Amino acid sequence: MSAQPLTPGTHKLVDRTVFVSRSKYEPAVGYARAVRKGDFIWVAGTMSVDQENGGIKYPGDPYMQAMHIFSIIGNALENLGGSLKDVVRVRMFVANIEEHQDEIARAHADTFKPLGCVGNSRYVDDACLAEIEVDAMV
């Protein structure tokens, strides 16, 4: 038996809950801060964006940027019924890893202990020093 093609219109294919923050990038690019399906939560790449003016918070300070990112991620997780304690994987992308990795790693260790760090070179805003995404299981 073959599957019938979908007809034009709206179809609910999967059950999921979506959390949209106030980042200017979400509507511009068409993504959500986080998605929960069952016991899993995926948080999209998160930068240290000021929710009030859309600029990068703490330019030049990798530790404070990372801590701000973790607070945004924590808020997204809480809005979907989770917390930072539920995180099972962290992916960190760091601009100029040789210069910023120690401070961003310190923020990571101050927040929780899983996983590692990946280098990256450029973001949509040159003041951004890191982008972090997480997966959680609640």
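Listing for the model above:
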item: Difference of contour (0.36 nm per residue) and Cα-Cα distance, Asp50 to Ala127; result: 26.5 nm
item: Solvent exposure, largest accessible area first (probe 1.4 Å, DNA, RNA and ligands not counted), of Met67, Met92; result: Met67, Met92
item: Net charge, Asp39 excluded, C-beta distance under 15 Å - Lys, Arg +1, Asp, Glu -1; result: +2
item: Label-point separation in nm, Arg22 to Ser83, each point 7 Å along Cα→Cβ; result: 2.5 nm
item: Neighbourhood net charge (13 Å Cβ-Cβ; Lys/Arg +1, Asp/Glu -1) for Gly54; result: -1
item: Qualifying aspartates and glutamates (Cα of each under 18 Å from Cα of Lys57; at least 8 residues distant if same chain); result: Glu26, Glu103, Asp125, Asp126, Glu131, Glu133
item: Met64/Asp15 FRET efficiency (R0 41 Å; Cβ-Cβ; nearest 0.05); result: 0.65
item: Qualifying aspartates and glutamates (Cα of each under 16 Å from Cα of Lys37; at least 8 residues distant if same chain); result: Asp15, Glu78, Asp86, Asp135
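The values are calculated or read from the model by the stated rules, or taken from the named source; none is laboratory data. Quick caveat: nothing in here was measured; it's all calculated off a predicted structure. For neighbour counting, all protein chains shown are included, and Cβ atoms are generated from backbone atoms with ideal geometry for every residue, glycine included. Heads up: the accessible areas ignore ligands, DNA and RNA and are worked out on the full protein's heavy atoms, side chains in. Shrake-Rupley method; radii C 1.70, N 1.55, O 1.52, S 1.80 Å.
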